[in-house]
Amino acid sequence: MKKNKFITKLFLGCLTLSACLLLSDHAFATSTEASEQENMITESSQKLAQLKETKQKLSEQKIENNNQLSTVEKKIQKIQVDLDQLEKLEPIGTISETSEPDNDHTVILKAHFSPLTVKENSATEKKSQLTELKQKRLSLESDSKSISKQESETAKQETQLSEKIAQVSKQKTEQVKQLDTRSAIVAAAKTHLGKPYVYGAAGPDAFDCSGLVQVAFASAGRTIGRTTVDQETAGVTISVAEAQAGDLVFWGSHGGTYHVGISTGDGSYIHAPVPGDVVQVATIASYSPDFAVKVL
């Protein structure tokens, strides 16, 4: 019983820990969130290992409990058989004297009966044992139900935690891909720094604003429209302050934009400004966009 109580405490402890670790859904995160996700995965994996250990201990406890229950059942059956036999016992006797036959040839037999030597109060003791065994059986059956319930709850928690770990791992993988793509877009744009602005040009030696964006995205394996109006509809509109590396920043109103740049995610962007100028990095403070678009 002490072992069962220990298992129950361990089980409840793991449930509490795993409940704290049920992971909330995240949108694709920043690098800080990526670190948090990594910590979540590590900690959750440790708790999952504890759940598996608890599950194994519960299984061992259930086997032991069932073995005890089987032993008790056999003892109950044996005592019940013994009691049945005691109730059916009849006294056994011997013939001690006979009479001479009479005119009807009838012989009178005189018998002496000796009771069986049975331990005094044997039936009472066995009934007492039977009562104790039945109480123990009820207790073991209750333990079995409790263990089964704990096994079910542990399996449920294990499944939920495994699914959450898989979910966050998938998000982390997607996030890494996105960060790689974002970095690749910015890196591709930077390779063209210093090249002149030429209206309608899309490389390799000169660019206009939207041409630079199209070439940088293509270098990262992403397709995007050629004009600023096409490019502003390529994603979800966000504020300039929310722009991350690889997002686009625009000047003008929706449907009537006249300039575009590629955010570097640090308050700056890369763009091909105007005729007579070159591809360069500028700050939002020096020339502020009107809105941004999250493409990735």
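Restricting the range 268-278 to residues that are buried (at least 22 other Cβ atoms within 10 Å of the Cβ) and farther than 21 Å from ASP180 by Cβ, which is farthest from the chain's Cα centre (by Cα)?
ALA272
If I filter the range 121-171 down to residues being within 30 Å of ALA34 (Cβ to Cβ) and of a type in the set (S, T, N, Q), which single residue comes out as surrounded by the fewest Cβ atoms within 10 Å (Cβ to Cβ)?
The qualifying residue surrounded by the fewest Cβ atoms within 10 Å (Cβ to Cβ) is THR159.
Name the residues in the range 232-249 that are crowded, with 20+ Cβ neighbours inside 10 Å and more than 16 Å from VAL186 (Cβ to Cβ), would you?
GLU232
Mind telling me which of the residues GLY265, GLY261, GLY252 ends up being surrounded by 14 or more Cβ atoms within 10 Å (Cβ to Cβ), small (Gly, Ala, Ser), under 17 Å from ALA292 (Cα atoms) and at pLDDT below 95?
GLY265
Within the range 177-199, which residues are in a loop (DSSP other than H, G, I, E, B) and either aliphatic (A, V, I, L, M) or open to solvent by 30 Å² or more (accessible area, probe 1.4 Å) (or both)?
Listed by number, the residues that qualify are THR191, LEU193, GLY194, LYS195, VAL198, TYR199.
For every residue, the table says whether it meets (1) free of Cβ contacts under 8 Å to residues at least 24 places away in the same chain; (2) within 14 Å of THR227 (Cα to Cα); (3) β-branched (Val, Ile, Thr).
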| residue | (1), (2), (3) |
| --- | --- |
| GLN244 | no, no, no |
| LEU248 | no, yes, no |
| TRP251 | no, yes, no |
| GLY261 | no, yes, no |
| THR264 | no, no, yes |
| SER268 | yes, no, no |
| ALA272 | no, yes, no |
| PRO275 | no, no, no |
| ALA282 | yes, no, no |
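Any residue at all in the range 200-218 that's of a type in the set (A, V, I, L, M), open to solvent by less than 50 Å² (accessible area, probe 1.4 Å) and in a loop (DSSP other than H, G, I, E, B)?
Scanning the range 200-218 turns up at least one residue that is of a type in the set (A, V, I, L, M), open to solvent by less than 50 Å² (accessible area, probe 1.4 Å) and in a loop (DSSP other than H, G, I, E, B).
For SER288, only one of the following conditions fails: (1) farther than 21 Å from GLN175 by Cα; (2) surrounded by 15 or more Cβ atoms within 10 Å (Cβ to Cβ); (3) of a type in the set (Gly, Ala, Ser). What is its number?
Just one mismatch for SER288, condition (2).
Out of LYS78, LYS119, LYS170, report the one residue that is within 60 Å of the chain's Cα centre (by Cα), at pLDDT below 90 and either basic (Lys, Arg) or in a loop (DSSP other than H, G, I, E, B) (or both).
LYS170
Kindly provide the set of residues from the range 189-222 that are within 42 Å of the chain's Cα centre (by Cα) and modelled with pLDDT under 95, ordered by number.
SER219, ALA220, GLY221, ARG222
The values are calculated or read from the model by the stated rules, or taken from the named source; none is laboratory data. This one's a predicted model, so the numbers in the text were calculated from it and none came from an experiment. When we count neighbours, we look across all protein chains shown, and the Cβ atoms used for this are built from the backbone with ideal geometry, even at glycine. Side chains are part of the model used for accessible areas, which takes the heavy atoms of the whole protein and leaves out ligands, DNA and RNA. Shrake-Rupley method; radii C 1.70, N 1.55, O 1.52, S 1.80 Å.
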